[in-house]
Amino acid sequence: MTRTIEREAHELLARGQEPGPAVITAGHIAGLPEPVRRYLGYARVVGKEPIRTVRLTQRGAMPMGEGTHWHPLTAEQYFTTDPPAFLWYGTLHPLPHIPVSATDRFAGGHGTMIIKGLSVIPLGMARGPEMDQGELLRYLGETAWFPTALLADYIRWDAIDAGSARATISLPGIAASAIFHVDGQGRCTHVTAERYREEHNQQVLRPWVGRWDDYREIVGFRIPMRAEASWLLESGECRYFRAKVTSIQYNQVVPY
């Protein structure tokens, strides 16, 4: 991690350290759609303090482009839940001693991704309204790692059926919705949404899915340790990310 990213991570976490409400009770989840109550019950949020900040590390793989080889990935990610924001810093290793870094940010309702070779040579940047929507969806989907955030005032739940419910996250000037799919045990198995994707230099809405697996109990919560993300295209499913959480910490400021 570079000094700049380390400083930015520290500043992000510091902004999310305001005290939250008292511990979550059964009353906080009573009015939610049944699949959401089942999921939050399985995640064991009742009796816990709300999660304000998150630091996690990952190991996984990503391709450099659609249809290309997958390369080893290491990453660190930081979240705050009030305000909702994240910083993700990942490093791909397409060739020995030639790393490619990616920095994904969402804060203040805006998202940005910057890609660099050797961590210093600019290779690409993405920003704009479509990026904002995609990063907000990413935050919403990744609440599986900090499930108390699903009780935040900026998220509205609407019932769909016995196994799913729609979450709409609304911030000043921006909103996005995703469907959470919950199995009989209460595990959120996947999240689906319409998300912007660049195709032929244009941004188009495409079906997107984030999958969760390998739930384990970590500091009292049940969270998934494996994640995978894909586009659901007419040509078939296009996977572009898979990773395993290797460590996670809550409500701490110092990112190392």
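With respect to the conditions (1) more than 24 Å from THR91 (Cα to Cα); (2) under 17 Å from the mean Cα position of the chain (by Cα); (3) of a type outside the set (Lys, Arg), TRP231 lacks only one, and its number is (1).
Answer yes or no as to whether LEU92 is buried (at least 20 other Cβ atoms within 10 Å of the Cβ), out of contact with any helix residue (DSSP H, G or I) (no Cβ under 8 Å at 6 or more places or on another chain) and either in a strand (DSSP E or B) or modelled with pLDDT of 90 or more (or both). Spell out how you get there, then give the answer.
On the way: buried (at least 20 other Cβ atoms within 10 Å of the Cβ): yes; out of contact with any helix residue (DSSP H, G or I) (no Cβ under 8 Å at 6 or more places or on another chain): yes; either in a strand (DSSP E or B) or modelled with pLDDT of 90 or more (or both): yes.
So LEU92 passes the test.
Filtering the stretch 151-165 for residues that are within 30 Å of GLU66 (Cβ to Cβ) and either in contact with a strand residue (DSSP E or B) (Cβ under 9 Å, 6 or more places away or on another chain) or surrounded by 16 or more Cβ atoms within 10 Å (Cβ to Cβ) (or both) leaves a non-empty set. Just one of the listed residues (ARG222, ARG197, ARG211) is under 26 Å from VAL23 (Cβ atoms) and in a strand (DSSP E or B), namely ARG222.
One residue stands out among those in the stretch 46-63 that are in a strand (DSSP E or B), of a type in the set (Val, Ile, Thr) and in contact with a Ser or Thr (Cβ under 7 Å, 6 or more places away or on another chain): the one that is nearest to TYR89 (Cα to Cα), which is THR57.
A Cβ distance below 6 Å, combined with a sequence gap of six or more or placement on separate chains, defines the contacts here; from the stretch 169-192, residues that are more than 14 Å from TYR215 (Cβ to Cβ) reach residues that are surrounded by fewer than 20 Cβ atoms within 10 Å (Cβ to Cβ) and of a type in the set (Lys, Arg) in the pairs SER177/ARG166; ILE179/ARG166. TYR196 meets the conditions (1) touching a helix residue (DSSP H, G or I) at 6+ places or on another chain (Cβ under 6 Å); (2) modelled with pLDDT of 95 or more in every case but one. The failed one is (2).
The values are calculated or read from the model by the stated rules, or taken from the named source; none is laboratory data. Quantities reported herein were computed from a predicted structural model and do not represent experimental measurements. For neighbour counting, all protein chains shown are included, and Cβ atoms are generated from backbone atoms with ideal geometry for every residue, glycine included.
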